[in-house]
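Trainee: Sharing a structure with you now.
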Amino acid sequence: MASVSPAPPSSPVRAPAERTLITPEGVDLRLKLGTAGQRAGAFLIDFSLLVVILIIFSILVVAAGLGTMGAGAVDGIEVVAVIWLLGFFLLRNFYFIAFEIGRRSATLGKRAVGLRVVARDGGRLTADAVIARNLMREIEIFLPISFLAGGEGVDGLIALIGLLWAGLFLFFPLFNKDRLRAGDIIAGTWVVHAPRRKLEIDLGGDSADAATPYRFTDAQLDAYGEYELQTLENVLRAGNAETQSNVASTIRGKIGWEWQEGEEDYAFLSAYYAALGKRLERRMLFGNRRRDKFDTGEESGDD
C-alpha cells in the first residue's frame, strides 16, 4: 500500500510546499506542490486556447447555419445555439480530460508552467480520477460563470449567488495546506511542479542504443509498466542524487542487475528509462499495453 506523508518538521531544507510520497516500490519521491500562481497561470493559458478554438468553432457553426436561417430564421438561430452550447460543453470537458489522461498527465497550460497531476496515494493516475477532477470544474467554474453571464430568467439575486459561489471555489485552494481544488479532493490528486528538463537520453532516438553500454533483456524490461516509467521520468527530471540512488538500487534488485564498479546511478536509470519506453511502445504496436507492473496482460508475441 502506498503512503503519503507531509515533509518531516525536523528537516530544515524542506520547503513547506514540498510533500513526501512513498510509491508502491518504496521509493521516496519529494514532490513540490504547484503554487496558486502557477495553477492560475496554467488555467488562463488553457482557457485562452479554449476561447480561440471556440471562436473558430463559432464561425464554422454560424457559416453552416446560414442556409438554415434562410428557410426559417428563428429555427435556424435556435439550431445554431444548441450546436454551439453542445460543442462548448464537449470542448471544455474533453480538452482537460484528454490531456491529463495521457502519459504527461498535464494540459498544454500545465506543461507551459511546469505542472502535472499525480495521485496522492502514490499509485497510477487513473482515468476515473482524471474524469472526476475535471467534471467538478463544471460546478466550480463554469456553472457560476453561466449565472454571472445573466440572460433570460436570471435576476440579480441569482447572479449574486453565482458570484459568491465562484469566489468560494476560486479561493478554496488558499485555505488548505495542499492547495487542493474541490476536484482534487474528490479525485485524490495533487498538482505538482515538474519542470521541463531535457533528459540526456532521447526516449525515441536510435542514438541511445549506440551511446549506452547497458543492455537489458525483455524479461528485465517487463518488470515494469507505464506508471513506473512515468515515476522514473519524474526521478530523472528532479535531479535528486539520493532519490536516484535509492531508485537505482530498487530496480537493480528487481531485475537482477549486478552493479559494476564505476557504474553511475543516473546513467543506469537513463538507460533503463530509454529501453523501457521503447519496450512499452513496441508492445503497444501489437495491442499489448501494460499500465503498470501489476498489469499481467498476455504477451502478444511482439518479439
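The values are calculated or read from the model by the stated rules, or taken from the named source; none is laboratory data. Remember, it's a predicted structure, so these values are computed and weren't measured experimentally. Cβ placement follows ideal geometry from the backbone for every residue including glycine, while neighbour counts extend to all protein chains displayed.
Trainee: Just the residues that are closer than 25 Å to residue 177 by Cβ and either assigned by TED's automatic domain parsing to the domain that holds residue 231 or charged (D, E, K, R) (or both), please, taken from segment 129-142.
Mentor: 133, 137, 140
Trainee: Can you name every residue in segment 14-54 that is modelled with pLDDT under 75, acidic (Asp, Glu) and not in a strand (DSSP E or B)?
Mentor: Answer for segment 14-54, where residues must be modelled with pLDDT under 75, acidic (Asp, Glu) and not in a strand (DSSP E or B): just 25.
Trainee: Might you check whether a residue that is buried (at least 16 other Cβ atoms within 10 Å of the Cβ), within 28 Å of the chain's Cα centre (by Cα) and modelled with pLDDT of 75 or more occurs anywhere in segment 139-158?
Mentor: Yes, the conditions are met somewhere in segment 139-158.
Trainee: While we're on this one: Could you count how many residues in segment 188-228 are in contact with a strand residue (DSSP E or B) (Cβ under 9 Å, 6 or more places away or on another chain) and at pLDDT 85 or above?
Mentor: Total satisfying the criteria: 5.
Trainee: Checking residue 102 against (1) under 11 Å from the mean Cα position of the chain (by Cα); (2) in a helix (DSSP H, G or I); (3) surrounded by fewer than 16 Cβ atoms within 10 Å (Cβ to Cβ), which single condition isn't satisfied?
Mentor: That leaves (2) as the condition not met.
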